[in-house]
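Visitor: Mind having a look at this structure? Questions to follow.
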Amino acid sequence: MTVTYDALHQQLLEKQQHLQGQLEDTESAVREEGVGYSNHMADAGTEVFEQARDVSVARQLKRSLSDVHHALSKFKDGTFGICEGCGSIIELARLEALPSARMCLECQSHREGKR
Ligand SMILES: [Zn+2]
């Protein structure tokens, strides 16, 4: 069975919803941990550590979410599945594995090699 763009669109919508929910949970955890933090000096180290971890999780979620938003906007433009590096069609197998991929494998590895 080959995956269709419609199915990928659906996957992206579901992923967006999922990430949004996770992000809200993480952000409210960060807020709750911030409350009364100066009142327990003994636990302060742990709390700071946990808060830093949640903040980095939130940052990662935001990045994934913006990738998904970007892919969804490409659906609107009719440019979904087109490589942003060379303008060629991204292989379906790659999109199936990573619906939010912006570039074909070749451009992606080229870019990563430059770093
Ligand atoms: Zn390319």
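Each reported figure results from applying straightforward, stated rules to the coordinates on display, with no laboratory input. Predicted model, so just to flag it, every value in this text is computed and none were measured. A quick note on method: Cβ atoms are made from the backbone with ideal geometry, for glycine too, and the neighbour counts reach across all protein chains shown.
Visitor: What does the charge count near ASP25 come to, summing +1 for each Lys or Arg and -1 for each Asp or Glu among other residues with Cβ under 12 Å from its Cβ?
Guide: -3
Visitor: Give, as a single signed number, the net charge of other residues whose beta carbon lies under 12 Å from the beta carbon of PHE80, with Lys and Arg counted +1 and Asp and Glu -1.
Guide: 0
Visitor: Still on this structure, I have one more. Counting only helical runs of four or more DSSP H residues, what would the 222 nm mean residue ellipticity of the chain come to if each run contributes -39,500 (n - 2.57) and the total is spread over all its residues?
Guide: Mean residue ellipticity, 222 nm, calculated: -24000 deg cm²/dmol.
Visitor: From Cα pairs below 8 angstrom and at least 6 apart in sequence, can you work out the relative contact order of the chain, rounded to a whole percent?
Guide: RCO, the chain: 27 percent.
Visitor: OK, next. With no solvent and one point per C-alpha, what does the Debye sum give as log10 I(q)/I(0) for the range 5-114 at q = 0.13, 0.22 Å⁻¹?
Guide: -0.62, -1.11
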